[in-house]
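The values are calculated or read from the model by the stated rules, or taken from the named source; none is laboratory data. Predicted model, so just to flag it, every value in this text is computed and none were measured. A quick note on method: Cβ atoms are made from the backbone with ideal geometry, for glycine too, and the neighbour counts reach across all protein chains shown. Ligands, DNA and RNA are excluded from the accessible area calculation, which covers all protein heavy atoms including side chains. Shrake-Rupley method; radii C 1.70, N 1.55, O 1.52, S 1.80 Å.
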Amino acid sequence: MKDVVLIIDCGTQSIRAMLINKDGEILNKKKKEYLYITKDKGSIIEFDANDFFEDIINLLKELRDDDVNLYDKIKGVTVTTQRDTFVLVDRNGEPVRNAISWLDRRKAKEYEKLNPLYNLLFNIVGMKKMVKNFMEDARYNWVKENEPKIWHKTYKYLLLPQYINYKLIGKYIESDAGTVGHIPFDYKKRIYDKKFGVKRQIFNIEQSKLARTAPTTMIMGYITEEICERTHLKKGTPLIASGSDKACETAGVGCIKEGIGSISLGSQVTMQVTTDRYYELTRFVPPFDSVIPNMYNPEIILYRGFWLVTWFIKEFGYKEELFATEQEKDIFSIMDEKLNEVPIGCDGLVLQPYWGQDILRPGAKGSILGFNDKHTRFHIYRAIIEGIGYSLKEGIDRIEHVSKVKIEKIALSGGGSKSEIICQILSDILNKEVYLIQTYEATGIGAAMACFIGLNIYKDFNEASENMVRVKKTFQPKPANVKKYDDIYHNVYTKIYKNVKKIYKKLNKINI
C-alpha cells in the first residue's frame, strides 16, 4: 500500500477527493455536493470559485483525519474536472466574478465579427450557423458585452482545472487532454491555434489571457508550501497532468484501443472511443484529446443525459423521495423497482431526450409521443432511460460508420451505471455486450493511471490498465428484447426528428 495517489475529481454535481493505489483500489473517498447560483429562469448557472476551492481543501483535511498513515503515503496529485467551465481571475489570481458552468445557457448578442474572407469560407462549406452558435456560446464574448469592467480586470481566462492547478502549484497550466472548451485550441496538434488558424477566427481571445498546456502524465509543478501547510500534504508532492473528467473516465474503464466504447452515464451522457486516428464524427467538430498521449477520443454528447433522471425525480418523484427517506433507502433503488413495473417500449410511449442543445440538431426540443390512458409517471421514467439508449444507439451507428471499426463491447460508468436494470436495458437497446469495472468512479481510476505513469510506477497506459482495471460484471443482450427495441428504434425513434423538425423551429421562435 506504499504507492498511493490523490485524485481531485470535480464533476458536475459534486467534488470527490480519492486515495487510489496502484491496483486500482479506492482506499478512501470524500465527497461534497455543491449548489449552483442560478438566475434568469435557469439560463445563468454559476458558482463561487473561492468557495469551490475551499471545499477541496476541506475534503483533503477530512481524508487525513480519517487515516493519517494512509494520507501520508500520497506520492502524487492530479486534478480532473468538468469541461468548458471558466474562471476569470485578476493579476493576483483572484476571481473577478463567479465561475461560469458548462451548464450555463446564456448567449452573447454582440461580439467581434468574423473576417469577411473567413465568413465567406464558412458560408461556402456550410459552417456559418455552427460558427455563429459557437461564438454566441463563448463565455468571454458574453462577459465582454455585458460586463466590460469585469473583462478589463481579467488577467487570465481559465478553465476550471487551470484555476485549481494555479491554487495548488502557483502556475496557470493544465494538460492538453484537459484543455476542452470554447477556446482556440487545436486538438489535432494539441496546441493553441495559430494567428490565422480556423479556431482562432472563431474564438478570438488574446493568447496572453490563456493558460499554458502540458503533455499528459507530465509533472506540472509541486504543491506550494501554503497548501502543504493547510492540507498536510508532504512538501515536494508533485502535481501530474491527467485530463478532463470524460477523457480520464474513458481510459479508466479500459477503453484504450479501438473496438471498445465508453459510455458515461452522468449528468451529461457521452459516448467515446479511443483511437490513434484523427477523424471528425461531425464535419469541423474535432475529437477531443485522449489522456493517453497521441490518442484521440471521438465523442457523441447528450448534453442533458442522466440529468433527466434527476429532473424527473425532482418534478415527479416527491412520493418516492419521501418513502426513501422514511425507509432509509436509496431513491434510485426505489426507482429501479418502478422500472421493472413498466414493459419494454413503455406501452407505446417514446421520448426524444433533447432537453439541452444538440450539435447535430441545434433546434431540437425534448418530446414525448404516444400518450394514452394506460400511462403513469413511471412510463415517463422508463421512456427517459429508453430514449437515452436510442440516442446512444444513433451515436454508435455514427461512430462505426465514420471509423469503419465495429464496436464489440461497451463499458458503462458514471452514476447511472450503478443500476443493473439500466445496464441491461442499454445492452438490449444497443445489442452489445456491456460491462462494468470494479467501481463506478472510473474517472478517478483513469486519472490515477496518468498519475502513476507520471511517477514512473507504470511505463504506459497498457501496463496501468492491466493492473488497475478489472471487469466486475457483464450484461449480454437478450434476443427477444433486442428485436422489440430494434423495431421501435428503426420504425419510430429515428423518424421523430425529421417529422417534427419544422415544429421545433416554430417553437424556437416562441419566447418560452
When the Kirkwood radius is taken over all Cα pairs of region 356-490, what Stokes-Einstein diffusion coefficient follows at 37 °C and 0.692 mPa s, in µm²/s?
190 µm²/s
One finds, for His490 and Glu433 with R0 = 25 angstrom and r their Cβ-Cβ distance, a FRET efficiency to the nearest 0.05 of 0.75
For region 174-267, dividing by residue count, accessible area per residue (probe 1.4 Å) in Å² works out to 36 Å²
Solvent-free Debye scattering, log10 I(q)/I(0), computed from the Cα coordinates of region 198-246 at q = 0.22, 0.29 Å⁻¹:
-0.90, -1.01
Scaled by the rule-of-thumb 2.2 N^0.38 Å, the alpha carbon Rg for region 436-512 gives a ratio of 1.96
For Val89, list long-range residues whose amide hydrogen, built 1.01 Å from N in the peptide plane, is under 5 Å from its own amide hydrogen.
Val96, Tyr155, Lys156, Leu158
Amide H contacts under 5 Å for Asp193, placed H, 5+ residues apart:
Phe185, Asp186
Could you derive backbone 3J(HN,Hα) for region 199-207 from the dihedral phi with the Karplus parameters 6.51, -1.76 and 1.60 (θ = phi - 60°), listing whole Hz in sequence and x where the residue is Gly or Pro?
4, 5, 6, 6, 10, 8, 10, 4, 4
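Can you tell me how much longer the chain between Ser333 and Gln207 gets when fully stretched, taken as 0.36 nm per residue apart minus their C-alpha distance, in nm with one decimal? Provide the component values of the computation, followed by the final result.
On the way: separation 126, 0.36 × 126 = 45.36 nm, distance 4.86 nm.
So the extension gain works out to 40.5 nm.
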Treating region 207-293 as a set of equal point scatterers at the Cα positions, no solvent, please give the Debye-formula log₁₀ I(q)/I(0) at q = 0.13, 0.19, 0.26 Å⁻¹.
-0.61, -0.98, -1.25
Cα-based Rg and Dmax for region 1-135, in Å, come out at 20.5, 63
What are the principal axis extents of the Cα atoms in region 156-255, in Å, biggest first?
46, 36, 17
Give the long-range amide H neighbours of Ala214: residues separated by 5 or more places, or on another chain, with amide H under 5 Å away, using H modelled in the peptide plane at 1.01 Å from N.
Glu174, Ser175, Asp176
Classified through the alpha carbon gyration tensor (a ≥ b ≥ c as square roots of its eigenvalues; rounded if a/c is under 1.5, else prolate when a/b is larger than b/c, else oblate), region 466-506 comes out oblate
Under the definition of Cα pairs under 8 Å and six or more residues apart, what whole-number percent is the relative contact order of the chain?
14 percent
For region 479-495, Karplus-derived ³J(HN,Hα) couplings (6.51, -1.76, 1.60; θ = phi - 60°; whole Hz; x for glycine and proline) come out as x, 5, 5, 4, 4, 5, 5, 4, 4, 5, 4, 6, 9, 10, 4, 5, 9
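May I have the convex hull volume per residue, in Å³, for the Cα set of region 298-397?
On the way: hull volume 11.4 nm³, N = 100.
Cα convex hull per residue, to the nearest whole number: 114 Å³.
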For region 367-432, the percent of all C-alpha pairs falling in each 5 Å bin, from 0 up to the bin holding the max distance, is 3, 14, 23, 21, 17, 12, 6, 3, 1
Expressed as a whole number of Å, what is the distance separating the alpha-carbon centroids of region 281-295 and region 387-459?
17 Å
Any chance you could check the Cα centroid distance between region 9-35 and region 36-66 for me, in angstrom?
14 Å
Stokes-Einstein, Kirkwood over Cα pairs, region 69-144, 10 °C, 1.306 mPa s; D in µm²/s equals 101 µm²/s
So the pair-distance distribution of the chain, from every Cα-Cα distance in 20 Å bins, comes to percents of 22, 57, 20, 0
When DSSP assigns beta bridges and you keep just the ones with both residues in the chain, what percent turn out antiparallel, to the nearest 5?
70 percent
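With Kirkwood's inverse mean 1/r over C-alpha pairs for Rh, give me the Rg to Rh ratio of region 240-352, two decimals please.
Working: Rg = 18.3 Å, Rh = 16.6 Å.
When Rh is taken as the Kirkwood radius, the ratio is 1.10.
If you average 1/r over every pair of different alpha-carbon atoms in region 55-112 and take one over that average, what Kirkwood value in Å do you get? Could you put the intermediate results ahead of the total?
On the way: mean 1/r = 0.0660 Å⁻¹.
Evaluated over region 55-112, this radius sits at 15.2 Å.
Please compute the Kirkwood hydrodynamic radius over region 1-50, one decimal place, Å, based on all pairs of different Cα atoms. List each step's numbers first, then the result.
Values: mean 1/r = 0.0775 Å⁻¹.
It is 12.9 Å.
What order do you get for 486-497, 97-108 when each peptide is scored by the mean count of other beta carbon atoms within 10 Å, highest first? Don't jump to the answer; show the numbers that get you there.
Working: 486-497: 15.2, 97-108: 19.8.
Output ranking for 486-497, 97-108: 97-108, 486-497.
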Derived scalar couplings ³J(HN,Hα) [region 343-353; Karplus, 6.51 cos²θ - 1.76 cosθ + 1.60; whole Hz; x for Gly, Pro]:
x, 4, x, 6, 6, x, 8, 10, 10, 9, x
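Calculate, in nm to one decimal, what Lys505 and Asp460 gain on full extension: separation in residues at 0.36 nm each, minus their alpha carbon distance.
Values: separation 45, 0.36 × 45 = 16.20 nm, distance 4.88 nm.
Net length gain for the segment: 11.3 nm.
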Which semi-axes, in whole Å and largest first, does the equivalent ellipsoid of region 30-77 have when worked out from the alpha carbon gyration tensor as the square roots of 5 times its eigenvalues?
32, 9, 8
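Given the DSSP H assignment, sum -39500 (n - 2.57) over each helix run of at least 4 residues in the chain and divide by its residue total; what's the result at 222 nm in deg cm²/dmol, nearest 500?
Values: 19 runs with 199 residues, N = 512.
Calculated mean residue ellipticity at 222 nm is -11500 deg cm²/dmol.
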Carbon plus sulfur, as percent of the 1.4 Å-probe accessible area of the chain, comes to 50 percent
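How much accessible area per residue does region 316-413 have, counting only protein heavy atoms and a probe of 1.4 Å, in square angstrom?
48 Å²
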So what is the orientation-averaged projected area of region 94-206, using the convex hull of its C-alpha atoms, in nm²?
7.7 nm²
